[in-house]
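Right, one structure below, let's go through it.
Read-outs throughout are calculated quantities, based only on the coordinates presented, and are distinct from any laboratory measurement. Quick caveat: nothing in here was measured; it's all calculated off a predicted structure. Quick reminder, even Gly has a Cβ in these numbers, built from the backbone with ideal geometry, and neighbours come from all protein chains shown.
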Amino acid sequence: MKKLIVGCLAAALALPVAASAQELTIYSGRGEALVAPIIAQFQRESGIDVNVRYAGTAELAALLQEEGEQSPADVFWAQDGGALGAIAPLFADLPAEVNEGVAAPFRNVNNKWAPTSGRSRVLLYSTERVEEDALPASVKDLVNEEYRGRVAWAPTNGSFQAFVTAMRVAEGDEATKEWLEGMIANEAKVYRNNGTQVEAVANGEVDFGLVNNYYLGRYLANDEDFPVAQTHFEAGDIGNLLNVAGVGIVAASDNQENARTFIDYLLSVPAQQYITLEGNEYPVVPGLIGNVTLEDFDTVLEISPEIDIDQISDLDGTLELLREVGLL
């Protein structure tokens, strides 16, 4: 069924071919391996020539702020809602109907950006070295002695930084700083991204990792005996943050119509089906075939902390805190 849906994606998403050459420049904080096929297909079906600049979400957010009205970007496709909130003043308003079909937990009520997929923070663990009854109840427990030197994290990763911002909102700056310093003192091991954490757990370098939900599914797709599993913390724990990837139109863009066409494309059912089946992320529109590697969505909603995505926009404050404790 999965192969059928993905294989039919091109036909299902057919768009009218443009009568003349048009252009669109996308700043993508989303990984090229996942989104390049989607963008290439959009280009083929729409007739719009697409230029993509790939980089980290935080890096591109800073670049957009620096470039201001001189930015060549038409669209910013961000890895997390915190970056979207930080850049929102630079976005054009979207028509309300863009978000009307989006599931309520992901919806941007101010219509400054549109979600494209959901992701939940999870705890990776080794199935060879960790018993389920030894799993921590809270992300804050990872500063305890029993986890010394056994936990991976990626402080430069945009999703981790969004999680830290959410912790600042929920727990306050001092408590967040105390947790970060506790993790450092407990010899948490630094990795450059989420994928390297998954591999580190599998290779025995560490026993735990703090990542987004969709990475492990990519490894399990190639090896069903891959020696890593993932879990959530207790209900309501900040470590279960439910975040989004999303897209906004740069207000200074001269290609607003093309940008809107691209957003509509990303929210179409076939594109959403591709993202959840190929990317192991949660779709933001209802009525799709579920991904068997994902926790049931209703369960994720029940255990996620109550954090307004728009409240996790103070990326600058988080970067300052991470520098203060020596993680950047």
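Here are the numbers:
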| read-out | value |
| --- | --- |
| Under-5 Å amide H pairs with Lys189, H placed in peptide plane, nonlocal only | Val151, Ala152, Trp153 |
| On Cα atoms only, tilt of 256-266 relative to the major axis of the chain in degrees | 50 degrees |
| Choice from Ala229, Ala185, Ala259 with maximal GNM fluctuation in the chain (Cα, 10 Å cutoff) | Ala185 |
| Loop-located GluC sites (Glu not before Pro) in the range 129-160, at most 13 other Cβ atoms within 10 Å (DSSP) | Glu131 |
| Sorted largest first, extent of the range 29-81 alpha carbons per principal axis (Å) | 33, 22, 16 |
| Total formal charge among the other residues, if their Cβ is under 11 angstrom from that of Ala185, Lys/Arg +1 and Asp/Glu -1 | -3 |
| Per-residue HN-Hα couplings for the range 146-154 [Karplus 6.51, -1.76, 1.60; θ = phi - 60°; Hz; x = Gly/Pro] | 5, 9, 4, x, 10, 10, 9, 8, 9 |
| In order through the range 202-213: 3J(HN,Hα) via Karplus (6.51 cos²θ - 1.76 cosθ + 1.60), integer Hz, x for Gly, Pro | 5, 7, x, 6, 9, 9, 9, x, 10, 9, 7, 5 |
| Of every Cα-Cα pair in the range 238-328, the percent that sits beyond 15 Å | 72 percent |
| In Å, descending, principal axis extents of the Cα set of the range 92-160 | 51, 25, 19 |
| Solution diffusion estimate, µm²/s, Stokes-Einstein, the chain, Kirkwood Rh from C-alpha pairs, 20 °C, viscosity 1.002 mPa s | 106 µm²/s |
| The range 193-256 shape via C-alpha gyration tensor axes, a/c threshold 1.5 | prolate |
| Mean Cβ neighbour count within 10 Å, used as a protection proxy, ranking 95-103, 302-310, 164-172, 237-245 highest first | 237-245, 164-172, 302-310, 95-103 |
| Expected 222 nm ellipticity per residue - DSSP helices of 4 or more, -39500 (n - 2.57), all of the chain, to 500 | -11500 deg cm²/dmol |
| Net charge contributed by nearby residues that have their C-beta within less than 10 Å of Ile312 (K/R +1, D/E -1) | -3 |
| Rg/Rh for the range 138-242, where both radii come from Cα atoms and Rh is the Kirkwood radius | 0.95 |
| Cleavage-rule hits, GluC sites (Glu not before Pro), the range 202-285, DSSP coil, Cβ neighbours within 10 Å at most 14 | Glu224, Glu234 |
| Length-normalised contact order for the range 61-205 - Cα pairs under 8 Å, 6+ apart - percent | 23 percent |
| 5 angstrom amide H check on Thr127, placed H, neighbours 5+ away | Val228, Ala229 |
| Fraction of beta bridges assigned by DSSP in the chain that are antiparallel (%, nearest 5) | 60 percent |
| Cross-link partners of Lys177 among aspartates and glutamates (Cα-Cα below 20 Å; sequence separation of 8 or more within a chain) | Asp141, Glu145, Glu187, Asp237, Asp314, Asp316, Glu320, Glu324 |
| Relative contact order [Cα under 8 Å, 6+ residues apart], the chain, whole percent | 27 percent |
